[in-house]
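The structure appears below as structure tokens.
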Amino acid sequence: MHRRIWGSISRRPSGDSERAIPNGDSPEASVARGVRLFCESGGPNNSGEEVLHLPVIVEAAESSPAAATEASVRIRKFLAKENNQRAYVQYNAIMLVRILADNPGKSFTRNLDQKFVSTVKELLRDGKDMSVQQILRETLDNFETNKANNETLAGLRDMWIKEKAKITKKRG
């Protein structure tokens, strides 16, 4: 009995770990499930099934500001250093940021807060997987050049400009 109680206590997620996925068919629940399924699909046995989840994610994020917020929080967690050993998860999360920055656009990007920017900066500095680094840098370059008029991306763009200058200076 003691082991069973201790086991259930030790398995509880920490306050900073991923929130439970909401139940039901609300846009928030749909986007939470869709983001998880999109980001976790693929990997060594990639079958391309992640694209099946895109319509649900985009539709939910377009239809509800709360769902767009939920998407940004979920994506940030997949970009975090806890997923460094699962590069495909981080890669898929970056792809999802690129897609949602275009559609629904500002209703999604307005949720890319300082925590999100810090997580991206940490991935940029400490990420080890070259494919993740490449797509992240391409995405940030795209935001810098093609989305300069989107003020909701200013935090990411400013961080990228500073980091890019440091990288250039470091290389000589």
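Here, each number is a calculation from the coordinates, and none is a lab measurement. Since this is a predicted model, take the numbers as computed values, not measurements. Cβ: placed from backbone, ideal geometry, glycine included. Neighbour counts: every protein chain shown.
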Task: Sites matching GluC sites (Glu not before Pro) across the stretch 77-172 that sit in DSSP coil, with at most 16 neighbouring C-beta atoms within 10 Å - done: none
- [ ] Go through the stretch 105-115 residue by residue and turn each phi into a ³J(HN,Hα) via Karplus (6.51, -1.76, 1.60, θ = phi - 60°); whole Hz please, and just put x for glycine and proline.
- [x] x, 4, 5, 8, 5, 5, 8, 7, 7, 5, 4
Open item on the list: Using a Förster radius of 25 Å, what is the FRET efficiency between Lys115 and Asp141 based on their Cβ-Cβ separation? Nearest 0.05, please.
Closed with: 0.65
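What ranking do 32-40, 55-63, 154-162 get when scored by the average of other Cβ atoms within 10 Å per residue, highest first?
Going by the mean number of other Cβ atoms within 10 Å, highest first, we get 32-40, 55-63, 154-162.
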Task: Within-12-Å neighbourhood charge of Glu151 [Cβ basis; K, R +1; D, E -1] - done: +3
Open item on the list: Using only the Cα atoms of the stretch 113-153, what semi-axes does the equivalent ellipsoid have when each is the square root of 5 times a gyration tensor eigenvalue? Give whole Å, largest first.
Closed with: 20, 14, 5
- [ ] Would you mind computing, in nm to one decimal, how far apart the modelled labels at Ser131 and Asp158 are, each placed 7 Å from Cα along Cα→Cβ?
- [x] 3.4 nm
- [ ] May I ask you to sort Asp25, Asp102 by Cβ crowding, counting other Cβ atoms within 10 Å and putting the fewest first?
- [x] Asp25, Asp102
Task: Neighbour net charge for Asn84 - beta-carbon separation under 11 angstrom, K R +1, D E -1 - done: -1
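I'd like the projected area of the stretch 24-171, averaged over all directions, using the convex hull of its alpha carbons. Report it in nm² with one decimal.
8.5 nm²
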Task: For Phe78, Phe116, Phe108, order by how many other beta-carbon atoms lie within 10 Å, fewest first - done: Phe116, Phe78, Phe108
TODO: Check cross-link reach from Lys115 to the lysines: straight Cα distance under 22 Å, and skip same-chain residues fewer than eight apart.
DONE: Lys77, Lys81, Lys106, Lys128, Lys147, Lys162, Lys164, Lys166
